[in-house]
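Reviewing the structure listed below.
The values are calculated or read from the model by the stated rules, or taken from the named source; none is laboratory data. This structure is a prediction, so every number in the text was calculated from the model and none was measured. All Cβ positions, even for glycine, are placed from backbone atoms using ideal geometry, and neighbour counts span all protein chains on display.
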Protein chains: 2
Amino acid sequence: MKKFLNTVDTLLAESLGGFAKAHADIVQLHTEPYFVRRKQPTRAGKVALISGGGSGHEPLHTGFVGTGMLDAACPGQVFTSPTPDQMLAAAQAVDNGGGVLFIVKNYAGDVMNFEIAAEMLDCPNASLFINDDVSLPKNHSTGRRGVAGTLIVEKIVGAAAEQGADLATCKALGERVIQATASMGVALSSCTVPALGHPTFALGDNEMEMGVGIHGEHGHATLPLASASAIVEQLAAAINDDLRPAPQQSALLHVNGFGATPLMELYLIYGLAAQYWQHQGLNIARSLVGNYTTSLDMAGCSITLSLLDDELLALWDAPVHTAHLRWGC
Amino acid sequence: MKKFLNTVDTLLAESLGGFAKAHADIVQLHTEPYFVRRKQPTRAGKVALISGGGSGHEPLHTGFVGTGMLDAACPGQVFTSPTPDQMLAAAQAVDNGGGVLFIVKNYAGDVMNFEIAAEMLDCPNASLFINDDVSLPKNHSTGRRGVAGTLIVEKIVGAAAEQGADLATCKALGERVIQATASMGVALSSCTVPALGHPTFALGDNEMEMGVGIHGEHGHATLPLASASAIVEQLAAAINDDLRPAPQQSALLHVNGFGATPLMELYLIYGLAAQYWQHQGLNIARSLVGNYTTSLDMAGCSITLSLLDDELLALWDAPVHTAHLRWGC
C-alpha cells in the first residue's frame, strides 16, 4: 500500500485538520466527537441540514458544508459509519430553531446510527434516505445504495433551506429529487482501504466491474473491458429504464469520477452520455463532471441523471459557497 | 492499459467535445485547429491571455478558460505541445485590441511553438514562461519546468487583464508571480500515456519518486517510501530554500494532486505543509487543495508556495468563472 500518511490510525484526524485549516473561511472542525460545521451563522429558524458517512468519499460530505448546502457533516472512519454521538453533537450545534434534517446514504450502518440519533433528538422521520444506485433491483432486501446522487439532494434541499423553506417542505423536496435521480457506476480497479492495506478485490488486465458501489465491494458483474461507447450505453440504459423520462424533460447529467480516473476520460464519458439522452429527446439542462463522490483511489466512474423541473433547476442554480461546490456567492 | 476510451486516436477530440458540451455556458470549442475560447465577450481593449500545452493535465488549461482567467487554451495531444497554427488561430479569435499574452510552461516544445506563433503574429516578447519546479537546479540547461504554479499566474494575470491592465502591466505582474512561486512534486506511481499503453516508469512497492514533473518522467531520486511528515519536510524545505520568504510574508499554499491521490491524503499533506510554514512565521493567507495540474492517472502530489503581497492577493480573490475555478461570479 502506498499512501501519503503518517499512521493509519491518525489519517482521518490529520486529514480533517488539514481540511479545516485550508477552508477556515467556510468551515469549523469540532473534535470529540468529530463533525464539520459551516462557519457563517445562519438565519434564525433555518432548517439545519446534516449529512455524513464513512470517510474516503471526499469531497462528499465535508466539502459540501457551507452556505446554500450542508450545515454540518459527520465523518466516520474510512468506509465506516459515523456514530450517533457525532450526529447528536452536530445537531445540537447547528439547530437554529428550524429543526434538523438528516441526509443519509442508504447503508445499514449509516441508517441505523442516524435513526438512533434522530430518536435521541426526539425527531423521528427527520431523515432523507438516498438510494439512487440502480445497479441493484428496486426490491433488494436492504434497498438500493446511495451514491453520487447524494450531492444533488444536498444541493437542492440546501438551497431551499437557505431560502427559508420549512422542515416538511425541505423533506418533501428531497423526496422529489430522490425519486427523480438514478445512478450507476463501473470500476476499472478496486481501491485500497488504508486499514486493510491491499485492494479490496482483484480485476484482470482486461476486466471491468459493472455496477459497483463506492466501498470497494464487487459490482453485479465482472465483464471484459469494453469501449467507452459500449460502457456508457450500458450504464445509461439501466438509468433510463429506471427513470423512464418523458421526451423534452430537463435533466442534470452528472459524471462522477471515483478518484483515479483522469478528467480527460470523464469528459469523454460525459459527451457520450449527453449524446445518449439527447437522442432520447431529453434536454440536458445542467451538468457536473469531476471527482465528487469518490471511493479512495478507485479507477472508474458513475453516471447520474436527475430529472429536474424549473423549480428544482432554480434551486440547483442558487448560490452555494462550500469548499468543493461554489457558485453565485 | 485500462482507460475509458473508444480509440486512442479519437480520445482527445471526444474528450474536448464532452468538455465543451458540459460547459457550453462558459466556453466554445474551435476545431481545425483545436482551441477552447471563452464564450462571454470581452471588453474592447482587454489583453487576451492564451495558454496551452499537452493534454493530460486537466483541468489545466481548458478548465481555466473563462471570465477573469484565460481567453483561450490550446490543447496538444497527450503530453505533446500544441502547434503554432493553434496558437495563431486562438490569438486571432480572441485578440480584442489589447494584444495577446501567451502563458507558457517551460518545456522545449511548448516554448518553441509559442515563440513561432508570437513571431508569426509579429509580437515578440509576448510570452510568460513558467518555471516553478525547484526539483531542478536554477542553472539547468533548459531551465526549470513549469508545473502547478502555472494556474496561479493564469489566475492573477487573468484578474488584472479583466480589470483593464495593459499588456506591459500584465506581463510585469506575471513575472512577479513567477519570481514568487516555487513547486516540487513526489509520485507514488507513474502514469500511463494512452498511446504508449503502459506506465512510463516502474516503482517498487516501497518506493517513491522525488522531484517528478508532470509528464511521467523520472524524478531526481527514487527513494524508500517515507512518512507524510518526512515527505512534506523534504518538499517544503526545497521550496523554502528557493524562495527564502521573510517572516510575516503572506502566501498562497497550493497542494496539487497528480490525478490518482485521494483528497483525504491531499488535505493531510496540506495540514503538514501549512504547519511547516507557520513554524517559519509565514502567513498562509490563501489555500488551494485538489487535482488542478494532473499527470493523467499518476498517484502523487506537489506543493506550491506563492508569496503574494496585498495587490496579488486581491487579484487572486477577484471574481473568476471557469469550469474548474469559480468564485465571486
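Taking segment A:254-288, which residues are among the polar types (S, T, N, Q), more than 8 Å from chain B (Cβ to nearest Cβ) and crowded, with 24+ Cβ neighbours inside 10 Å? Give the derivation first.
The first filter runs over segment A:254-288 and keeps only residues among the polar types (S, T, N, Q), leaving A:256, A:261, A:275, A:278, A:280, A:283, A:287.
Applying the additional criterion that residues be more than 8 Å from chain B (Cβ to nearest Cβ) yields A:256, A:275, A:278, A:280, A:283.
Result: A:ASN256, single match.
Scanning segment B:318-326 turns up no residue that is over 17 Å from the mean Cα position of the chain (by Cα) and facing another protein chain (nearest Cβ under 7 Å).
Of the set (1) closer than 30 Å to B:GLN234 by Cβ; (2) over 22 Å from the mean Cα position of the chain (by Cα); (3) in contact (Cβ under 8 Å) with a residue 12 or more places away in the chain, all apply to A:THR10 but (3). Going by what's in this entry, would A:LEU235 be described as modelled with pLDDT of 95 or more, under 18 Å from A:MET210 (Cβ atoms), more than 10 Å from every other protein chain (Cβ to nearest Cβ) and crowded, with 24+ Cβ neighbours inside 10 Å? Criteria met by A:LEU235.
So which of A:LEU305, A:LEU296, A:LEU253 ends up being within 27 Å of B:GLY259 (Cα to Cα), touching a helix residue (DSSP H, G or I) at 6+ places or on another chain (Cβ under 8 Å), not acidic (Asp, Glu) and not in a strand (DSSP E or B)?
Going through A:LEU305, A:LEU296, A:LEU253 in turn, the sole match is A:LEU296.
Please work out if A:ALA260 is assigned by TED's automatic domain parsing to the domain that holds A:LEU188 and touching a helix residue (DSSP H, G or I) at 6+ places or on another chain (Cβ under 9 Å). Here the answer is no, as A:ALA260 does not meet what is asked. The test for being surrounded by fewer than 24 Cβ atoms within 10 Å (Cβ to Cβ) and either at pLDDT 95 or above or not aromatic (Phe, Trp, Tyr) (or both) does not hold for A:THR181.
Every condition in (1) within 14 Å of chain B (Cβ to nearest Cβ); (2) over 17 Å from A:ALA159 (Cβ atoms) is met by A:HIS61 except one, and the failing one is (2).
Inside segment B:16-40, can you point out the residues that are more than 14 Å from chain A (Cβ to nearest Cβ) and without any contact (Cβ under 8 Å) to a residue 12 or more places away in the chain? Spell out the reasoning first.
If we filter segment B:16-40 for residues that are more than 14 Å from chain A (Cβ to nearest Cβ), which is where we start, we get B:28, B:30, B:32-33, B:35, B:37-40.
B:GLN28, B:GLU32, listed by residue number.
Every condition in (1) under 25 Å from A:HIS198 (Cβ atoms); (2) without any contact (Cβ under 8 Å) to a residue 60 or more places away in the chain holds for B:GLU175 except the one numbered (1). For A:GLY146, the conditions (1) in contact (Cβ under 8 Å) with a residue 60 or more places away in the chain; (2) surrounded by 21 or more Cβ atoms within 10 Å (Cβ to Cβ) all hold with the exception of (1).
Taking the criterion of being in contact with a Gly (Cβ under 7 Å, 6 or more places away or on another chain) and among the polar types (S, T, N, Q), would at least one residue in segment A:53-60 satisfy it? Working first, answer last.
Step one: list which residues in segment A:53-60 are in contact with a Gly (Cβ under 7 Å, 6 or more places away or on another chain), which gives A:53-55.
Filter once more, so that each one left must be among the polar types (S, T, N, Q): A:55.
Yes, some residue in segment A:53-60 is in contact with a Gly (Cβ under 7 Å, 6 or more places away or on another chain) and among the polar types (S, T, N, Q).
Does segment B:167-184 contain at least one residue that is among the acidic types (Asp, Glu) and either within 24 Å of B:GLU233 (Cα to Cα) or touching a Ser or Thr at 6+ places or on another chain (Cβ under 9 Å) (or both)? So far as segment B:167-184 goes, no, none of its residues is among the acidic types (Asp, Glu) and either within 24 Å of B:GLU233 (Cα to Cα) or touching a Ser or Thr at 6+ places or on another chain (Cβ under 9 Å) (or both). Of all residues in segment A:95-126, those satisfying the criterion of being touching a Lys or Arg at 6+ places or on another chain (Cβ under 9 Å) and more than 19 Å from A:THR293 (Cβ to Cβ) are A:ASN96, A:GLY97, A:GLY98, A:LEU101, A:ASN125, A:ALA126. Selection of segment B:201-232 for residues being within 9 Å of another protein chain (Cβ to nearest Cβ) and of a type outside the set (Gly, Ala, Ser) yields B:LEU203, B:ASP205, B:ASN206, B:GLU207, B:MET208, B:LEU225, B:ILE231, B:VAL232. I'm told B:LEU296 meets every condition in (1) surrounded by 24 or more Cβ atoms within 10 Å (Cβ to Cβ); (2) facing chain A (nearest Cβ under 9 Å); (3) within 30 Å of B:GLU162 (Cα to Cα) except one. Can you identify the failing condition by its number? Result: B:LEU296 passes all but (3). Considering the conditions (1) buried (at least 18 other Cβ atoms within 10 Å of the Cβ); (2) out of contact with any Gly (no Cβ under 6 Å at 6 or more places or on another chain); (3) at pLDDT below 95, B:ASP205 is excluded by exactly one of them, (1). Of the numbered criteria (1) facing chain B (nearest Cβ under 10 Å); (2) assigned to a helix (DSSP H, G or I); (3) not hydroxyl-bearing (Ser, Thr, Tyr), the one A:LEU315 fails is (1). Taken together, the criteria place B:LEU313 among residues that are touching a residue at least 60 places away in the same chain (Cβ under 8 Å), more than 23 Å from B:VAL212 (Cβ to Cβ) and in contact with a strand residue (DSSP E or B) (Cβ under 9 Å, 6 or more places away or on another chain).
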